[in-house]
Amino acid sequence: MISLHEVSKQFERGPLALDNVSFKAEAGEFVSILGPSGCGKSTVLRLLAGLDQPTRGMVTSPALEKNAKGTETAYVFQDATLMPWASVFDNVWLPLRLQGKSRKQVAQSIRQVLTTVGLSDSEASLPSKLSGGMKMRASIARALITEPKVLLMDEPFAALDEITRQRLNADILEWWYHLRMTVLFVTHDLEEAICLCDRVVIVSAAPGRVKQVLAPGLPRPRTVEDAKFHPDFIPALRSLSSALKSEVGRTLDA
């Protein structure tokens, strides 16, 4: 479904962001990308979305296929990036509107996805009237409305309070189980990575290289609570912490 093979990315007049990165995600897999700030995690997502081109190497993704329609891949940023003048309904309608579909044609689908993300009572609300968690739900609804094969999520819950973050972690697991998309999830949070993902790709300090790929090994299906109380949770947390420790030190030394 998704792969990077010996990919490097050098920005014009900028540093080498990625150096010889290789990893893949199978169809329906939930993969986290974990690493220190500035290691190129977001660059990986941009390459998979077709928003940037690699300097060297090969990227495979539905967004890059010859006959891609632009709906195969959805991107959720750290900021909800909602149109402030438009209602929740109209924000979710946007990608379908760009395909030429009228409000009447897609109203039922939009209301269904708003129900899925818990915003059925907020379709007429403007973003300014929403909490941070509700804004992120609206952003995720806008991503899900196109029924993408791949969902790219760039630290989507980083700016939220811990209670809201835990609730959305639980919800994204439920939506993923139901929709079975391939998810690439960038995070700095070790516990979040273990609770959500099948595999964790650990990226080194800049320039980003794949240092290690770990599988927490927790059974599926599971909830966030199941994961945290599973006997393998602490060993997985220790493994991730150990793998990242040297990279954080390199970042501070730089």
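Out of Leu45, Leu82, report the one residue that is hydrophobic (A, V, I, L, M, F, W, C) and in contact with an Asp or Glu (Cβ under 6 Å, 6 or more places away or on another chain). It would help to see each step written out before you state the result.
Values: Leu82 fails: in contact with an Asp or Glu (Cβ under 6 Å, 6 or more places away or on another chain).
Leu45 is the lone residue from the list that is hydrophobic (A, V, I, L, M, F, W, C) and in contact with an Asp or Glu (Cβ under 6 Å, 6 or more places away or on another chain).
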Would you please list the contacts, defined by Cβ atoms under 7 Å and residues six or more apart or on different chains, that run from a residue in segment 75-103 that is of a type in the set (Val, Ile, Thr) to a residue that is open to solvent by 30 Å² or more (accessible area, probe 1.4 Å) and in a loop (DSSP other than H, G, I, E, B)? Val88/Glu123; Val88/Ser125
Out of all the residues in segment 147-176, which are among the β-branched types (Val, Ile, Thr) and surrounded by fewer than 18 Cβ atoms within 10 Å (Cβ to Cβ)? Ile163, Thr164
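Of everything in segment 106-129, what is farther than 22 Å from Trp175 by Cβ and surrounded by fewer than 14 Cβ atoms within 10 Å (Cβ to Cβ)? Give them in sequence order.
We begin by selecting, within segment 106-129, every residue farther than 22 Å from Trp175 by Cβ; these are 124, 126, 128-129.
The answer is Ala124, Ser128, Lys129.
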Pick from segment 12-59 the residues that are without any contact (Cβ under 8 Å) to a residue 60 or more places away in the chain, in contact with a strand residue (DSSP E or B) (Cβ under 6 Å, 6 or more places away or on another chain) and part of a loop (DSSP other than H, G, I, E, B): which of them is farthest from Trp175 (Cα to Cα)? Thr55
Sole exception among (1) surrounded by fewer than 18 Cβ atoms within 10 Å (Cβ to Cβ); (2) assigned to a strand (DSSP E or B) for Lys66, by number: (2)
Which of the residues that make up segment 207-228 are under 18 Å from Glu192 (Cβ atoms), in contact (Cβ under 8 Å) with a residue 24 or more places away in the chain, open to solvent by less than 70 Å² (accessible area, probe 1.4 Å) and in a loop (DSSP other than H, G, I, E, B)? Leu218, Arg222, Thr223
Read through the list (1) modelled with pLDDT of 90 or more; (2) surrounded by 14 or more Cβ atoms within 10 Å (Cβ to Cβ); (3) over 21 Å from Ser3 (Cα atoms); (4) more than 19 Å from the chain's Cα centre (by Cα), then give the number of the only condition that Pro231 fails. (2)
When the residues of segment 79-97 are narrowed to those that are surrounded by fewer than 17 Cβ atoms within 10 Å (Cβ to Cβ) and not hydroxyl-bearing (Ser, Thr, Tyr), which ends up farthest from Val183 (Cα to Cα)? Trp85
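Take Leu48 and tell me if it is under 19 Å from Leu151 (Cα atoms), of a type in the set (A, V, I, L, M, F, W, C) and surrounded by fewer than 16 Cβ atoms within 10 Å (Cβ to Cβ). If you could, list the steps in order and put the result at the bottom.
Values: under 19 Å from Leu151 (Cα atoms): yes; of a type in the set (A, V, I, L, M, F, W, C): yes; surrounded by fewer than 16 Cβ atoms within 10 Å (Cβ to Cβ): no.
No: the conditions fail for Leu48.
Go through Thr43, Thr60, Thr71 for me and flag whichever is open to solvent by less than 80 Å² (accessible area, probe 1.4 Å), among the hydroxyl-bearing types (Ser, Thr, Tyr) and at pLDDT below 90.
Numbers: Thr43 fails: at pLDDT below 90; Thr60 fails: at pLDDT below 90.
So the residue among Thr43, Thr60, Thr71 that is open to solvent by less than 80 Å² (accessible area, probe 1.4 Å), among the hydroxyl-bearing types (Ser, Thr, Tyr) and at pLDDT below 90 is Thr71.
When you go through Gln78, Gln99 one by one, which is the residue that is modelled with pLDDT under 90 and in contact with a Lys or Arg (Cβ under 9 Å, 6 or more places away or on another chain)? Give the steps one after another, and end with the answer.
Working: Gln78 fails: in contact with a Lys or Arg (Cβ under 9 Å, 6 or more places away or on another chain).
That would be Gln99, the only listed residue that is modelled with pLDDT under 90 and in contact with a Lys or Arg (Cβ under 9 Å, 6 or more places away or on another chain).
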Selection within segment 18-40 - open to solvent by 60 Å² or more (accessible area, probe 1.4 Å), farther than 14 Å from Ser204 by Cα and not aliphatic (A, V, I, L, M): Lys24, Glu26
Looking only at segment 71-109, how many residues end up being part of a helix (DSSP H, G or I) and of a type outside the set (Lys, Arg)? 14
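The values are calculated or read from the model by the stated rules, or taken from the named source; none is laboratory data. Owing to the predicted nature of the structure, the values given are computational and were not obtained by experimental measurement. Ideal geometry is used to build each Cβ from the backbone, glycine not excepted, and the neighbour counts take in all protein chains shown. Side chains included, ligands, DNA and RNA excluded: accessible areas come from the protein's heavy atoms. Shrake-Rupley method; radii C 1.70, N 1.55, O 1.52, S 1.80 Å.
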